[in-house]
Amino acid sequence: MTPPSDPAPHGAPAPGDGSPQPGRGRLLAVSDLHAAVSDNRPIVESLQPTSDADWLIVAGDVAERPEDIRWALGLLAERFAHVIWTPGNHELWTVSKDPVQLRGQARYDHLVELCRELGVTTPEDPFPLWPGPDGPVAIAPLFLLYDYTFRAPGTHTKEESLAVAHESGIVCNDEYLLHPDPYPTREDWCRARVAETGRRLAEHDPQIPLVLAGHWPLVREPTSVMWYPEFAQWCGTELTADWHRRFNVAAVVYGHLHIPRTTWYDGVRFEEVSIGYPREWRERGHPRGLLRQILPYEGEPAPPEQAGAGPSAQPRTPGGTA
């Protein structure tokens with residue numbers, strides 16, 4: 001249940017964002033719903049638009065089983081004008097008690113078809129154009145995975161980095177449940193996804209701004225505040241480090257870290273929009289509401305030192321339990 005002190009307990013954006021005009025929608029985002037967790041289910045049920053024209057990005061980790069994914073995305077698709085989904089690592093897990101025992105690419109394809117039945121946009125579909133007040137903005141759902149290049153401190157190879165993780169006991173369940181079939185390794189699947197997605201972004205009309213929405217952060221910097229730096233190797237790839245500069249990007253949306261916040265890199269806004277697990281949101285609450293307003297952006301501008309380049313300073317924060 002949402003703590004009573006939360007400013008937006010019913011899934012609406014936090015106060016201070018202004019009131020939506022009739023017929024004028026917002027682009028909202030959320031991730032890491034973990035809808036199969038009993039205490040998170042009421043949160044999913046509470047998510048509501050503030051206008052019949054609101055769009056919603058769901059940036060991965062809806063649930064593990066397709067039946068729970070269908071329930072959550074179906075509910076949201078009935079409420080919001082348009083829902084855009086991209087998978088997280090949990091959707092790609094194949095757990096022993098799941099009646100759908102598909103693995104790897106076949107599992108992803110199954111989820112894409114599930115979303116299409118619900119009218120939900122996936123990374124395999126054309127980028128939809130959100131009709132913003134300043135002109136259209138393309139929403140690009142990204143499915144990219146990771147390739148172990150965000151290595152543990154002091155290591156230089158995947159093998160060294162994984163060894164450090166195993167020695168410390170900080171090992172992502174992906175190592176046991178996320179299968180890359182038919183690719184030999186998860187990093188091979190990641191590189192294939194990065195190549196295909198990069199090609200599509202390069203073909204996009206550069207005059208139309210993009211919101212890049214994926215589960216894993218595009219740059220490594222957001223992982224620097226996690227208590228367990230060993231976990232960063234399951235959080236992205238260095239291959240996307242320049243995408244926010246290379247393309248005409250209005251904002252980047254991601255989840256996975258369970259550290260909801262706004263940061264700026266090279267003058268581009270990055271929004272981590274996760275709900276996370278009950279043990280996390282019970283401690284910190286939902287101080288910015290359950291749904292993050294991505295556009296129109298009405299928050300603070302980039303700090304002066306961030307208007308050009310580099311990450312803003314942030315305190316060390318719990319994370320790395322995705």
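The values are calculated or read from the model by the stated rules, or taken from the named source; none is laboratory data. Values in this document were obtained by computation on a predicted structure and should not be read as measured data. Cβ atoms come from the backbone with ideal geometry, glycine included; neighbour counts cover every protein chain shown. Side chains included, ligands, DNA and RNA excluded: accessible areas come from the protein's heavy atoms. Shrake-Rupley method; radii C 1.70, N 1.55, O 1.52, S 1.80 Å.
Looking across segment 47-66 at every residue that is in contact with a Gly (Cβ under 7 Å, 6 or more places away or on another chain), more than 30 Å from L177 (Cα to Cα) and not aliphatic (A, V, I, L, M), the one that is most open to solvent (accessible area, probe 1.4 Å) is identified as Q48. Among residues belonging to segment 172-192 that are part of a loop (DSSP other than H, G, I, E, B) and without any contact (Cβ under 8 Å) to a residue 12 or more places away in the chain, point out the one that is most open to solvent (accessible area, probe 1.4 Å). Checked segment 172-192; the qualifying residue most open to solvent (accessible area, probe 1.4 Å) is P184. Taking segment 193-274 and the strands (runs of 3 or more DSSP E) fully enclosed by it, the elements with 2 or more residues that are among the charged types (D, E, K, R) and touching a residue at least 24 places away in the same chain (Cβ under 8 Å) are at 268-272.
Take segment 52-67 and flag every residue that is more than 13 Å from L92 (Cα to Cα) and either at pLDDT below 95 or of a type in the set (D, E) (or both). Residues satisfying the conditions are D52, D54, E67. In the set (1) at pLDDT 95 or above; (2) open to solvent by 20 Å² or more (accessible area, probe 1.4 Å), S274 fails one condition alone, (2). Remark: pairs (first residue in segment 288-303, surrounded by fewer than 15 Cβ atoms within 10 Å (Cβ to Cβ); second residue among the hydrophobic types (A, V, I, L, M, F, W, C); Cβ separation under 7 Å; 6+ apart in sequence or on different chains) = P303/W264. Taking the criterion of being open to solvent by less than 40 Å² (accessible area, probe 1.4 Å), in a loop (DSSP other than H, G, I, E, B) and closer than 20 Å to N173 by Cβ, the residues of segment 69-107 that qualify are T86, P87, G88, T94, V95, D98, V100. Looking across segment 244-256, just one residue is aromatic (F, W, Y) and surrounded by 23 or more Cβ atoms within 10 Å (Cβ to Cβ), and that is Y254.
The residues in segment 108-160 that are open to solvent by less than 10 Å² (accessible area, probe 1.4 Å), touching an Asp or Glu at 6+ places or on another chain (Cβ under 7 Å) and among the hydroxyl-bearing types (S, T, Y) can be counted, and the count is 1. Of the set (1) modelled with pLDDT under 95; (2) open to solvent by 10 Å² or more (accessible area, probe 1.4 Å); (3) more than 21 Å from L178 (Cα to Cα), all apply to R220 but (1).
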